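Take a look at the structure below.
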Amino acid sequence: MKALKGYVTAYHNEVTGSSFLVVIERPDGITNRVLVDKGYFQEPKYRYLNYVDDLDPENIDAIVVTHNHIDHTGLIPKLVRQGYRNKIYMTEITQELIGDFLYDSAEQQEENAWDMRWRYPNEAHKFNALYYAEDVTKTLKLCEGIAYRKTIEILPGIKLTFWENAHILGASMVLLQCYYANMKPLNFLFTGDFKFANSFTRVPMFPKWFRNMELIMFCESTYGTTKREDIKQCFRANILEGFERRQDILIGAFAQDRMQGILYDFKLMQDEGLIPPEYQICVDGPLGISTCYGYRSILEWYNPTRKDFMPKGVRFMDTKSRDQIFEKGIPKIVITTSGMLNNGPAKVYVPKFLVRENALIHLVGYAAEETMARKLLDAKRDETVKIGGVVFQKKAVIKTTREKTSHATEEELLELIGMFNNIKFLGINHGNTDVKNDFGEDVVMECPNVEQVGIMDREHMYSFYRLGFKGDANTRLTVKARSAGLLNDSRLVFGREATSEELRERIQMEKERKQKRREKDARKGKKNGKRNKQKGAKKKARKNKKRN
Ligand SMILES: [Zn+2]
């Protein structure tokens, strides 16, 4: 049976700016284009890509959103400003929350553009606000919320289903089933950012028909090389130690899920009588506070057992009260946006807490380069830290944990991939380049249910071959590339054969990749010989086990 012809293009590079375009060419001459996410690039080195017009908005037939994070949604209002007028699909929960986040993003656009003009003075004319509040209002009118597991036909021959995902409340995995009479269908599954469980929800088992479906799957890999054992569960112990020392505690949290999850932790501690009565819990950040209210009303129907996630006696802060935070001498726990302490009220709190001997600043998320969180972690005690042009001496204790991450570890990602029995192609995205490559190799070793693996970004797409194939490297790759029909412009073509030139290029890329890998291993080996040896032995043992 002939297969439908489909293309997938990746528009992201590493961990932000997530976006895929799926193009389906039907035999009757109709071409459908579905965009899955259009996220904002947050990494400083890729931020200029936000200002590149890489899509014709009038040519897109539908947009599907995996979840409410700006690095997956932040460029959608830009497309609307440029003329996009079709529907934007998301889960019902995402639809309830997305408005506040997009308006907040619109507010930051002027500042972002200003920052870009400063970074690239020679091209300053290129950087203007990408969109305004009025564009967000238009965007929200196009949004349509769909329940999990409800399949709807979004375009003739394209069905959409949202599947549960506990990355954040309302997150989903997106299934697009593309079909045409008497032709083999193409089923695309996008994991979005993925996690099995969080404080408010847990991913239930997926039905057999879905798990047995022939899939072309795109999987995130943010923590694709982080093992469960690498993540220490220390948050509660750190906080309890803080209480013992009567420290004032400042916690930087993302507005959605992280802030509410931390509040739920404090509620549990409060229920167990672990919070000294003199402590006051304060919450700050308009977006975080409005999301707390949003969570309350969503959990009312989505998961009533968690609707009372707030501890008792929480004080919502504003501009005035935050300035007087230490005036009454009451010990405080302040949970505030932003997660990396770069924006929002955190800018006011950090200097106040940093100079105090008896203060604890706790980070609960990733601290990217060039952020305040990174600066604080890198500075030694008594060293000076520059904040907004003013110098402060670091006296406070700074701690961090990865246990609150909303991304799956390597084991969890492999478990997710292992749930599906018939993956024709697995595209790995949303990870640093090295992580994507390493995780790709893990999939090759560990997942017999995956036929082919590719690494997705807008510039490259490498390919590997699954373990157990006999023959030399070149034939392996030829067979593999031919069956996937890989192109060199990071566009994947399903349903056609690759040209010999494309194959030669693939082989060359594969050689370079292997060489790089060898060099990296050699460097790593020098650094930590013993650990690598043990790891290698384990991998070999697994390999042999599979062969047998
Ligand atoms: Zn996310």
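Values in this text are rule-based calculations from the coordinates and carry no lab data. Note that this is a predicted model, so its numbers are computed, not measured. In this analysis, Cβ positions are derived from the backbone assuming ideal geometry, glycine residues included, and neighbour counts consider all displayed protein chains.
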For this session: Over the range 296-359, calculate the relative contact order: mean separation of alpha carbon pairs under 8 Å at least 6 apart, over the residue count, as a percent.
Result: 16
Problem set entry | Between helix 258-271 and the chain: long-axis angle, C-alpha atoms, 0 to 90°, nearest 10 | 50
For this session: Rounded to whole Hz and in sequence order, give me ³J(HN,Hα) for the range 10-18 from the Karplus expression 6.51 cos²θ - 1.76 cosθ + 1.60, θ = phi - 60°, writing x for Gly and Pro.
Result: 9, 10, 9, 10, 10, 8, 10, x, 3
Seminar exercise, completed: Highest mean packing first, using Cβ neighbours within 10 angstrom, the peptides 342-351, 132-141, 226-235 sort as 342-351, 132-141, 226-235
For this session: Pull up all non-local amide H partners of residue 148: gap of 5 or more, or a different chain, and H-to-H distance under 5 Å with H placed in the peptide plane.
Result: 92
Exercise. Alpha carbon centre of the range 187-221 versus the range 4-41: separation in Å?
Worked result: 19
Exercise. Taking square-rooted eigenvalues a ≥ b ≥ c of the alpha carbon gyration tensor, is the range 32-116 rounded, prolate or oblate, where a/c under 1.5 means rounded and, failing that, a/b exceeding b/c means prolate?
Worked result: oblate
Problem set entry | Protection proxy ranking of 422-432, 69-79 - average other beta-carbon atoms within 10 Å, highest first | 69-79, 422-432
For this session: Given a cut-off of 20 Å, name the pairs among 195/436; 150/208; 126/386; 195/312 whose C-alpha atoms lie farther apart than that in the structure shown.
Result: 126/386; 195/312
Exercise. With a Cα-only, solvent-free Debye model of the chain, what are the log10 I(q)/I(0) values at q = 0.08 Å⁻¹?
Worked result: -0.57
Exercise. How much space per residue, in cubic angstrom, does the convex hull of the C-alpha atoms of the range 1-173 take up?
Worked result: 127
Exercise. Could you give me the ³J(HN,Hα) list for the range 216-230, computed from phi with Karplus coefficients 6.51, -1.76, 1.60 and θ = phi - 60°, whole Hz, x at Gly and Pro?
Worked result: 10, 10, 10, 10, 6, 8, 3, 10, x, 10, 9, 8, 3, 5, 6
For this session: With a Förster radius of 25 Å, plug the Cβ-Cβ distance of residue 390 and residue 117 into 1/(1 + (r/R0)^6) and report the FRET value to the nearest 0.05.
Result: 0.55
For this session: State, in angstrom, two size descriptors of the range 235-360 derived from its alpha carbons: Rg to one decimal place and Dmax to the nearest whole number.
Result: 14.1, 45
Exercise. Could you work out the helix-only [θ] at 222 nm for the chain, with each DSSP H run of four or more residues adding -39,500 (n - 2.57) and the total divided by the number of residues, to the nearest 500 deg cm²/dmol?
Worked result: -11000 deg cm²/dmol
Exercise. Tell me, how many Å apart are the Cα centres for the range 137-169 and for the range 431-455?
Worked result: 28
For this session: State the Cα centre-to-centre distance between the range 349-405 and the range 245-305 in whole Å.
Result: 21
Problem set entry | Modelled FRET efficiency - R0 51 Å, residue 293 with residue 521, Cβ distances, 0.05 increments | 0.50
Problem set entry | Among 362-369, 301-308, the order from most to least packed when residues are scored by Cβ within 10 Å on average | 362-369, 301-308
Exercise. Normalised by the residues of the range 1-173, what does the relative contact order come to in percent, with Cα pairs under 8 Å and at least six apart?
Worked result: 18
Problem set entry | Cut-off 18 Å (backbone N to label point 7 Å along Cα→Cβ of residue 182), residues of the range 1-35 | 1-5, 26-30
For this session: Would you work out the relative contact order for the chain, in percent, from Cα pairs under 8 angstrom that are 6 or more residues apart?
Result: 14
Problem set entry | residue 133-residue 149 pseudo-label distance in nm [points 7 Å out on the Cα-to-Cβ vector] | 4.1
For this session: For the chain, find the longest principal axis of its Cα atoms and tell me its angle to the long axis of helix 92-119, 0 to 90°, nearest 10.
Result: 80
Problem set entry | Estimated FRET transfer efficiency (residue 422, residue 300; beta-carbon r; R0 56 Å; 0.05) | 0.90
